[in-house]
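Following: one structure in structure tokens, then a few remarks.
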């Protein structure tokens, strides 16, 4: 598990996924190739499932395009820990099943090389073995994330109920 640390605020959706690809890339593999290319050109080639991003305030500000959150979910991030998130990006990420954790204290404590883990059920981010609390996510939100996104969660619920 690797931690990608971006010690800056206002990482916008164009830095996460350049807008010039909005109409030519819509699927996970296409999006992955361009993730963070203007911020961290090596990201797409090195990110692995289970990795974590740590960043500053207002992560995901900018446009409401879904490619940034879709791409980050597609590569299998365990989550993004930031000081705060843009509300539009936050909603898009939850819809995709991407875990976002707002925990400024954990971000401030992180030093390159520290191990990081996230436990959304208990509301804990651990940095170098030290726990930091954040408000535990509601069970319904955890269910959406565990299902892989809102559409998958709704589909699973319909299948369980026998609805068509």
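Does residue 143 satisfy the condition of being surrounded by 13 or more Cβ atoms within 10 Å (Cβ to Cβ), free of Cβ contacts under 8 Å to residues at least 40 places away in the same chain and closer than 24 Å to residue 9 by Cα?
Details: surrounded by 13 or more Cβ atoms within 10 Å (Cβ to Cβ): yes; free of Cβ contacts under 8 Å to residues at least 40 places away in the same chain: yes; closer than 24 Å to residue 9 by Cα: no.
Against the criterion (surrounded by 13 or more Cβ atoms within 10 Å (Cβ to Cβ), free of Cβ contacts under 8 Å to residues at least 40 places away in the same chain and closer than 24 Å to residue 9 by Cα), residue 143 does not qualify.
If you go through region 86-101, how many residues are in contact (Cβ under 8 Å) with a residue 12 or more places away in the chain and farther than 20 Å from residue 146 by Cα?
2
Can you confirm whether residue 144 is part of a strand (DSSP E or B), at pLDDT 90 or above and touching a helix residue (DSSP H, G or I) at 6+ places or on another chain (Cβ under 7 Å)?
Judged against the criteria, residue 144 is not a match.
Can you find, within region 41-81, the residue that is nearest to the chain's Cα centre (by Cα) among those that are within 12 Å of residue 16 (Cβ to Cβ) and part of a strand (DSSP E or B)?
Looking at residues that are within 12 Å of residue 16 (Cβ to Cβ) and part of a strand (DSSP E or B), I get 80.
Filter region 82-98 down to the residues that are more than 16 Å from residue 16 (Cα to Cα) and assigned to a loop (DSSP other than H, G, I, E, B), then identify the one that is modelled with the lowest pLDDT.
Across region 82-98, the extreme among qualifying residues is 97.
Determine whether region 116-139 contains at least one residue that is modelled with pLDDT of 95 or more and within 23 Å of residue 37 (Cβ to Cβ).
The answer is no, given that none of the residues of region 116-139 is modelled with pLDDT of 95 or more and within 23 Å of residue 37 (Cβ to Cβ).
Quick one: would you say residue 113 is touching a strand residue (DSSP E or B) at 6+ places or on another chain (Cβ under 8 Å), surrounded by fewer than 22 Cβ atoms within 10 Å (Cβ to Cβ), over 18 Å from residue 34 (Cα atoms) and without any contact (Cβ under 8 Å) to a residue 40 or more places away in the chain?
For residue 113, the condition - touching a strand residue (DSSP E or B) at 6+ places or on another chain (Cβ under 8 Å), surrounded by fewer than 22 Cβ atoms within 10 Å (Cβ to Cβ), over 18 Å from residue 34 (Cα atoms) and without any contact (Cβ under 8 Å) to a residue 40 or more places away in the chain - is not met.
Only one of (1) in contact (Cβ under 8 Å) with a residue 12 or more places away in the chain; (2) closer than 23 Å to residue 76 by Cβ; (3) assigned to a loop (DSSP other than H, G, I, E, B) fails for residue 125. Which number is that?
(3)
Going by what's in this entry, would residue 150 be described as farther than 22 Å from residue 12 by Cα and within 15 Å of the chain's Cα centre (by Cα)?
When the stated conditions are applied, residue 150 passes them.
Filtering region 44-85 down to residues that are in contact with a strand residue (DSSP E or B) (Cβ under 8 Å, 6 or more places away or on another chain) and touching a residue at least 60 places away in the same chain (Cβ under 8 Å), which residue is surrounded by the most Cβ atoms within 10 Å (Cβ to Cβ)?
54
So, in region 3-26, how many residues would count as being over 17 Å from residue 92 (Cβ atoms) and in contact with a helix residue (DSSP H, G or I) (Cβ under 7 Å, 6 or more places away or on another chain)?
The total comes to 1.
Would a scan of region 102-118 turn up a residue that is within 21 Å of residue 148 (Cβ to Cβ) and assigned to a loop (DSSP other than H, G, I, E, B)?
no
May I ask you to verify whether residue 29 is out of contact with any helix residue (DSSP H, G or I) (no Cβ under 6 Å at 6 or more places or on another chain), surrounded by fewer than 16 Cβ atoms within 10 Å (Cβ to Cβ) and either part of a loop (DSSP other than H, G, I, E, B) or at pLDDT 95 or above (or both)?
Here the answer is no, as residue 29 does not meet what is asked.
The values are calculated or read from the model by the stated rules, or taken from the named source; none is laboratory data. All of these numbers come straight from a predicted model, not from anything done at the bench. No Cβ is skipped: glycine too gets one built from the backbone with ideal geometry, and neighbour counts run over all protein chains shown.
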